[in-house]
Amino acid sequence: MGWAKPLYPSKEVNQAGELLVRGNPRGKTLTHALNVVDNFRSAHAFPLNTLQVNLREHAKVIDPQSIIAQRLKRLFSILVKLDRFKTMRLWEMQDIGGCRAIVHTVDQVNQLADIYKLGSTRIRHKLVGQKNYILQPKLDGYRSRHLIYRYVSDKNEVYNDLKIEIQIRTILQHAWATAVETVDAFTDQALKSSRGSEDWKRFFQLVGTEIAYREKSPLIPRISIDRKQWILELKDCANALKVRATLLGFADTLRAVTPNKNFQYFLLSLDQKAEQLSITGYNQKELAKASKAYATQEKIIRQKKAGDAVLVSVESLGDLRRAYPNYFADTAIFIKILDECMKE
């Protein structure tokens, strides 16, 4: 199949990112900048697939029920990140291509991460960074383990130095993260980027603390170490925000139009105003077509200033909902945790 290759030098890629974030491009200038960024993103598909295959091989040994997924970062997320981190350059962004393993326990997360840390994966790519957000959770409650690789190959040198991020998290950590993304998508916030309602931020800090407690991991900073206190505050926040009814409401109103067979790639297009999720499937040979459709959909979203889209790959159609429940407004696991807290 025809994998996209990087067509522009790093300097031009960085200039395109800077222009889209801090400039006011129009006409041909805007079109060119978008094309440069889209090509740079699409070029990550080959190294991303390579690392995803390796991740799947090792994750399935540790947890046969693990879920493996990969995605190319949304344009909106790319631009938000460049805006947040003023000195960051697009060429050096570490998670344009990202693959993820979702396993059942923290022990399994650590086992899988240790395989990579100890160099037992039989891959030549260079480990250039890692973050343990389980031992050192973020202030917002986010927890996971991240490994960042630079692609290295003698046979496919055109992709050398592109960065791919591997995320490894538990089911409960995944439920928390996707609940944040669901609230972001349906309330037009950016909690994932530390922007938005302070009440929602606090609520997710508290639930993140409860999940850390259940997984016997370090608690979220700046939260009382007295569990009774954080449970009481969690209940108050949940009642004030009407969290349960709000999350269930998103799921009740959303209509999903899904393919009737499995594909290797799926383009998810979420229209919150129309309360509809459209899913288009593509086989392995149609990746270039899928990437083009992804870029076209993002241009429409940019013009409308509404909606969301992402191009992902999972092993089966069944895994799609489990790997990306936020696009389906599916927060069932998160609501179960909340219900258990509310009963205490």
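The values are calculated or read from the model by the stated rules, or taken from the named source; none is laboratory data. Only a predicted model underlies this, so the values are computations on that prediction, with no experimental measurement involved. Cβ atoms come from the backbone with ideal geometry, glycine included; neighbour counts cover every protein chain shown.
Residues checked against (1) within 21 Å of the chain's Cα centre (by Cα); (2) part of a helix (DSSP H, G or I); (3) under 22 Å from ALA329 (Cβ atoms); (4) at pLDDT below 90:
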site: ILE168; (1), (2), (3), (4): yes, no, no, no
site: VAL180; (1), (2), (3), (4): yes, yes, yes, no
site: ASP199; (1), (2), (3), (4): no, yes, yes, no
site: ARG222; (1), (2), (3), (4): no, no, no, yes
site: ILE225; (1), (2), (3), (4): no, no, no, yes
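Just to be sure I understand, how many residues within region 227-240 are under 16 Å from PHE334 (Cα atoms) and either in contact with an Asp or Glu (Cβ under 9 Å, 6 or more places away or on another chain) or modelled with pLDDT under 95 (or both)?
Residues that pass the stated criteria total 4.
Output the qualifying pairs, or none if there are none: Cβ atoms under 6 angstrom, residues six or more apart or on different chains, first residue in region 120-139 and under 15 Å from ILE164 (Cα atoms) and polar (S, T, N, Q), second residue modelled with pLDDT of 95 or more and surrounded by 15 or more Cβ atoms within 10 Å (Cβ to Cβ).
Within 6 Å, the pairs are GLN130/LEU147.
Suppose the filter is in contact with an Asp or Glu (Cβ under 9 Å, 6 or more places away or on another chain), closer than 20 Å to GLN297 by Cα and either modelled with pLDDT of 95 or more or among the basic types (Lys, Arg) (or both); does ARG26 pass it?
So ARG26 fails the test.
Failed condition for VAL53, given (1) hydrophobic (A, V, I, L, M, F, W, C); (2) assigned to a loop (DSSP other than H, G, I, E, B); (3) exposed (fewer than 15 other Cβ atoms within 10 Å of the Cβ), with all others met?
Tallying (1) hydrophobic (A, V, I, L, M, F, W, C); (2) assigned to a loop (DSSP other than H, G, I, E, B); (3) exposed (fewer than 15 other Cβ atoms within 10 Å of the Cβ), VAL53 fails exactly one: (2).
Of the residues that sit in region 140-160 and are of a type in the set (A, V, I, L, M) and outside any strand (DSSP E or B), which one is farthest from the chain's Cα centre (by Cα)?
VAL158
Would you point out the residue of region 201-220, among those that are basic (Lys, Arg) and assigned to a helix (DSSP H, G or I), that is surrounded by the fewest Cβ atoms within 10 Å (Cβ to Cβ)?
Residue satisfying both the conditions and the ranking: ARG214.
Taking the stated definitions as given, is ALA309 small (Gly, Ala, Ser), part of a helix (DSSP H, G or I), in contact with a strand residue (DSSP E or B) (Cβ under 9 Å, 6 or more places away or on another chain) and closer than 22 Å to ARG255 by Cα?
no
Since TYR116 meets every condition but one in (1) of a type outside the set (A, V, I, L, M, F, W, C); (2) buried (at least 19 other Cβ atoms within 10 Å of the Cβ); (3) modelled with pLDDT of 95 or more, which condition does it not meet?
(3)
Specify which of the listed residues (GLN205, GLN173, GLN189) is of a type in the set (S, T, N, Q) and under 25 Å from LEU55 (Cβ atoms).
None of the other options fit; the residue is GLN173.
Could you list, in sequence order, all residues of region 32-74 that are in contact with a strand residue (DSSP E or B) (Cβ under 9 Å, 6 or more places away or on another chain) and more than 19 Å from ILE96 (Cβ to Cβ)?
ARG56, HIS58, ALA59, LYS60, ILE62, ASP63, GLN65, SER66, ILE67
Those residues that are in a helix (DSSP H, G or I) and either free of Cβ contacts under 8 Å to residues at least 40 places away in the same chain or among the β-branched types (Val, Ile, Thr) (or both), I need them from region 241-285; list them, please.
Those that are in a helix (DSSP H, G or I) and either free of Cβ contacts under 8 Å to residues at least 40 places away in the same chain or among the β-branched types (Val, Ile, Thr) (or both): VAL243, ALA245, THR246, GLY249, ASP252, THR253.
For the structure I just gave you, tell me whether ALA43 is surrounded by 21 or more Cβ atoms within 10 Å (Cβ to Cβ), more than 19 Å from LEU267 (Cβ to Cβ) and among the small types (Gly, Ala, Ser).
No: the conditions fail for ALA43.
When the residues of region 34-48 are filtered to those that are of a type in the set (A, V, I, L, M) and assigned to a helix (DSSP H, G or I), which remaining residue is nearest to GLN303 (Cα to Cα)?
Looking at residues that are of a type in the set (A, V, I, L, M) and assigned to a helix (DSSP H, G or I), I get LEU34.
Looking at region 64-94 only, could you name the residues that are closer than 14 Å to VAL312 by Cβ, of a type outside the set (S, T, N, Q) and out of contact with any helix residue (DSSP H, G or I) (no Cβ under 6 Å at 6 or more places or on another chain)?
ARG71, LYS73, ARG74, listed by residue number.
For region 1-27, give me each residue that is under 15 Å from PHE76 (Cα atoms) and among the β-branched types (Val, Ile, Thr).
Answer for region 1-27, where residues must be under 15 Å from PHE76 (Cα atoms) and among the β-branched types (Val, Ile, Thr): just VAL21.
Examine region 88-105 for a residue that is under 30 Å from ALA306 (Cβ atoms), in a helix (DSSP H, G or I) and at pLDDT 95 or above, and state whether such a residue exists.
yes
Residues ILE168, ILE134, ILE102: which one is under 30 Å from GLU275 (Cβ atoms), in contact with a Ser or Thr (Cβ under 8 Å, 6 or more places away or on another chain) and buried (at least 16 other Cβ atoms within 10 Å of the Cβ)?
Every option except ILE102 fails the conditions.
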